[in-house]
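S.K.: Here it is: the structure, laid out below.
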Amino acid sequence: MIPTDPAERHREVAATFTARVDGVAPGGWDAPSPVEGWTARDVVGHLVGWLPAFLQRGSGVVLPSGPSAADDPAAAWHTHADAVQALLDDPATAQRMLSNRHIGDLPLPQAIDRFYTVDVFMHTWDLASATRQDSRLDLDFCAQLVDGMEPMEEIIRGSGQYGPRVPVPDDADAQARLLGFIGRDPFWRPPVS
């Protein structure tokens, strides 16, 4: 069961993603991912790339920078994940707000949890699938996410952040439903090399 506290949820979700990062075989960073046009390296690049600007613009928080994902995706991820965890573990963070013209004002821990930690969770499947690792996600959290997103589908699709919905069988599990909702083919497999 995925924790609900933002710091603890990030700790668990990031630890799973970290295990997949650390499990990438030599030469595996250039493997295609389920995201059209992205490699495994690009998945990490996305996650370490968008949050720092989002935080700095919305709250003034400047995360420490590490190596680029293009040069060393594993080191880039470790530096980034540690910095986000330190921010969430800092008691002062609970008093900070993030302001964004699209979402309004939110307590910083909730903003990180709602937008970033969820993104890490979903992209764990992309990285694991691209690099032929265990791609199972927590089914309860998948169900919670897809059940929460479905009523807002029109707004979510309008954001441009997700691809067209991929149909899944009526009896699909929560992971397949979530992946299909966000525009992934839950049955995608890397090309045979």
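S.K.: Tell me which residues, restricted to region 30-71, are surrounded by 14 or more Cβ atoms within 10 Å (Cβ to Cβ) and of a type in the set (Asp, Glu).
M.R.: Scanning region 30-71 gives a single hit, 42.
S.K.: Any idea how many residues of region 138-193 are of a type in the set (A, V, I, L, M), modelled with pLDDT of 95 or more and either assigned by TED's automatic domain parsing to the domain that holds residue 117 or assigned to a helix (DSSP H, G or I) (or both)?
M.R.: 8
S.K.: Check 146, 120 and return the single one that is more than 24 Å from residue 21 (Cβ to Cβ) and touching a helix residue (DSSP H, G or I) at 6+ places or on another chain (Cβ under 9 Å). Working first, answer last.
M.R.: Values: 120 fails: more than 24 Å from residue 21 (Cβ to Cβ).
It is 146.
S.K.: Identify the single condition in (1) touching a Lys or Arg at 6+ places or on another chain (Cβ under 7 Å); (2) farther than 15 Å from residue 183 by Cα; (3) not in a loop (DSSP other than H, G, I, E, B) that residue 57 does not satisfy, given that it satisfies every other one.
M.R.: All conditions pass for residue 57, except number (1).
S.K.: Count, please, the residues in region 35-54 that happen to be under 14 Å from the mean Cα position of the chain (by Cα) and either assigned to a loop (DSSP other than H, G, I, E, B) or among the hydrophobic types (A, V, I, L, M, F, W, C) (or both).
M.R.: Final tally of qualifying residues: 8.
S.K.: Please work out if residue 110 is at pLDDT 95 or above, on the phi < 0 side of the Ramachandran plot and not β-branched (Val, Ile, Thr). Working first, answer last.
M.R.: Details: at pLDDT 95 or above: yes; on the phi < 0 side of the Ramachandran plot: yes; not β-branched (Val, Ile, Thr): yes.
Considered against the rule, which asks whether it is at pLDDT 95 or above, on the phi < 0 side of the Ramachandran plot and not β-branched (Val, Ile, Thr), residue 110 comes out as yes.
S.K.: On the given criteria, is residue 124 in contact with a Ser or Thr (Cβ under 8 Å, 6 or more places away or on another chain), assigned to a helix (DSSP H, G or I) and within 25 Å of residue 149 (Cβ to Cβ)? If you could, list the steps in order and put the result at the bottom.
M.R.: Numbers: in contact with a Ser or Thr (Cβ under 8 Å, 6 or more places away or on another chain): yes; assigned to a helix (DSSP H, G or I): yes; within 25 Å of residue 149 (Cβ to Cβ): yes.
Yes: the conditions hold for residue 124.
The values are calculated or read from the model by the stated rules, or taken from the named source; none is laboratory data. Quick caveat: nothing in here was measured; it's all calculated off a predicted structure. Cβ atoms come from the backbone with ideal geometry, glycine included; neighbour counts cover every protein chain shown.
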